[in-house]
1. As a footprinting exposure proxy, order 6, 55, 30, 19 by other Cβ within 10 Å, with the fewest listed first.
2. Residues of the stretch 11-37 with backbone nitrogen within less than 11 Å of a virtual label 7 Å along the Cα-to-Cβ line of residue 45, please, listed as ranges.
3. What is the spread of the Cα atoms of the stretch 13-64 along each of their three principal axes, largest first, in whole Å?
């Protein structure tokens, strides 16, 4: 079963930005990382609040985008 995994080294852009922490969202401020390819296409996001709530089974990513 060694042939069921593929890996490739690619170049990506990592962007960190502050999300939440304002009066309208009611959410805590936290640093969110987004990942983009070199053509500007969105690849992925790492929001620590969403990750924590997903572990608890209480949130989806769309709930906390701001």
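Read-outs: derived from the displayed coordinates by stated rules, not from any lab. Worth saying up front: this structure is predicted, and the values here are computed from it rather than measured. All Cβ positions, glycine included, derive from the backbone under ideal geometry; neighbour counts span all protein chains shown.
1. Numbers: 6 5, 55 9, 30 15, 19 19.
The most exposed by this proxy come first: 6, 55, 30, 19.
2. Label zone hits: 19-20, 32-35.
3. Principal-axis extents of the Cα atoms in the stretch 13-64, largest first: 33, 25, 14 Å.
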